[in-house]
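Participant: Before anything else, here's the structure in question.
The values are calculated or read from the model by the stated rules, or taken from the named source; none is laboratory data. None of the values given here were measured: they were computed from a predicted structure. Cβ atoms come from the backbone with ideal geometry, glycine included; neighbour counts cover every protein chain shown. We work out accessible area using only protein heavy atoms, side chains counted, and drop any ligands, DNA or RNA first. Shrake-Rupley method; radii C 1.70, N 1.55, O 1.52, S 1.80 Å.
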Amino acid sequence: RLRDFMLASTDLMGSVATFVAPIANASLALPPVKAVMDCTLGVDKHRTFPKYSSQKFVTWFRKHARKAQDAFPKKVSYFHGCYANYNFPQLAKDFVTVMNAVGYGVNLLEDEKCCGVALISNGFKKRATKQAKTNLAALREAVGRGEPVLTTSSTCTFTIRDEYAHMLGLDNSDVRDSVMLAVRFLFNLV
């Protein structure tokens, strides 16, 4: 259904919404728009959508932080996920600041896709599997460089670590233990 496709396509919807963030945010908050979405898409009119940022985290990172990461001899790779990229880039910016403060440079994964949890939960198993394979290739590259892969989303972490194998039947055993929440990594440092 259209509703399932829209809710599951986080990268597509996020890319479009960030391009027109002020309009998207204002529109999604209007009671008439909520009523239409309730009647046509089955999205409850009481639902509050997270606001979209007008600049994606990856855009900010490439413009303002990427070069500075080369100064750090120790590195981590960051799976930022959809929410930090499209809705709350400040979380990802803070992650970079904290990691730099404890002596680690941050690399972004090559060609990161949504972790796939929205696709899985909306029944798009083939698309989820395709995205998971892309992510696993990027994770293997990072782990091959000796970099742990940190996340700021528990949903992304558990999807990559558990659902890729259990729901999608993908072997992630070679990278599973290298993917962790940033707070766990920081706790282990302490």
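Participant: Of the cross-linked pairs LYS51/LYS113; LYS93/LYS126; LYS93/LYS113; LYS67/LYS93; LYS63/LYS93, which ones have a Cα-Cα span greater than 22 Å in the structure shown? Before the final figure, lay out the partial values.
Facilitator: On the way: LYS51/LYS113 20 Å; LYS93/LYS126 32 Å; LYS93/LYS113 19 Å; LYS67/LYS93 14 Å; LYS63/LYS93 12 Å.
Long pairs (Cα-Cα over 22 Å): LYS93/LYS126.
Participant: Run the lone-cysteine check on the chain: no other Cys C-beta under 4.7 Å from the residue's C-beta.
Facilitator: CYS39, CYS82, CYS114
Participant: Oh, and also: Identify, among GLY81, VAL33, VAL106, the residue whose Cα sits farthest towards the positive end of the charge dipole of the chain, taking +1 on the Cβ of Lys and Arg and -1 on the Cβ of Asp and Glu, with the dipole about the Cα centre.
Facilitator: About the Cα centre, the residue reaching furthest to the positive side is VAL33.
Participant: So how many Å³ per residue does the convex hull of the Cα atoms of segment 110-161 work out to? Spell out each step's value before the answer.
Facilitator: Details: hull volume 3.5 nm³, N = 52.
Measuring per residue, one finds 68 Å³ for the Cα hull of segment 110-161.
Participant: Related question: Sort 113-120, 39-46 by packing, meaning the average of other beta carbons within 10 Å per residue, with the highest value first.
Facilitator: Values: 113-120: 23.8, 39-46: 11.6.
Ranked by mean Cβ neighbours within 10 Å, highest first: 113-120, 39-46.
Participant: As an exercise, take the mean of 1/r over every pair of distinct alpha carbons in segment 1-152, invert it, and state the Kirkwood radius in angstroms. Display every interim value, and only then the final one.
Facilitator: On the way: mean 1/r = 0.0595 Å⁻¹.
Taking every pair of different Cα atoms in segment 1-152, averaging 1/r and inverting gives 16.8 Å.
Participant: So which DSSP H runs in the chain come out at 30 Å plus along the axis (Cα) with average Kyte-Doolittle of at least -0.5?
Facilitator: Details: long enough: none.
Helices meeting the span and hydropathy rule in the chain: none at all.
Participant: Ranked from the most accessible area to the least, with a 1.4 Å probe and all protein chains present, what is the order of TYR52, TYR78?
Facilitator: Working: TYR52 55, TYR78 0 Å².
Listed by decreasing accessible area, they come as TYR52, TYR78.
Participant: If you don't mind, there's one more thing I want to ask. Can you give me the solvent accessible area of SER121 with a 1.4 Å probe, rounded to the nearest 10 Å²?
Facilitator: The value for SER121 is about 90 Å².
Participant: Rank by packing, highest mean first: peptides 138-145, 19-26, with packing defined as the count of other Cβ atoms within 10 Å averaged across residues.
Facilitator: Values: 138-145: 17.4, 19-26: 13.6.
Listed from highest to lowest mean packing, they are 138-145, 19-26.
Participant: Provide the percentage of antiparallel DSSP beta bridges, counting only those with both residues in the chain; round to the nearest 5.
Facilitator: Working: 0 of 11 bridges.
Looking only at bridges with both residues in the chain, the antiparallel portion is about 0 percent.
Participant: Please give the per residue accessible area of the chain, computed with a probe of 1.4 Å over protein heavy atoms only, in Å².
Facilitator: Each residue of the chain exposes 54 Å² on average to a 1.4 Å probe.
Participant: Can you list the residues, at least 5 places off or on another chain, whose amide H is less than 5 Å from the amide H of LYS75, using H built in the peptide plane?
Facilitator: So LYS75 has HN proximity to GLY105.
Participant: Could you look at segment 34-149 and say what percent of its accessible area is carbon and sulfur, using a 1.4 Å probe and all protein chains?
Facilitator: Values: 3320 of 6090 Å².
Carbon and sulfur together cover 54 percent of it.
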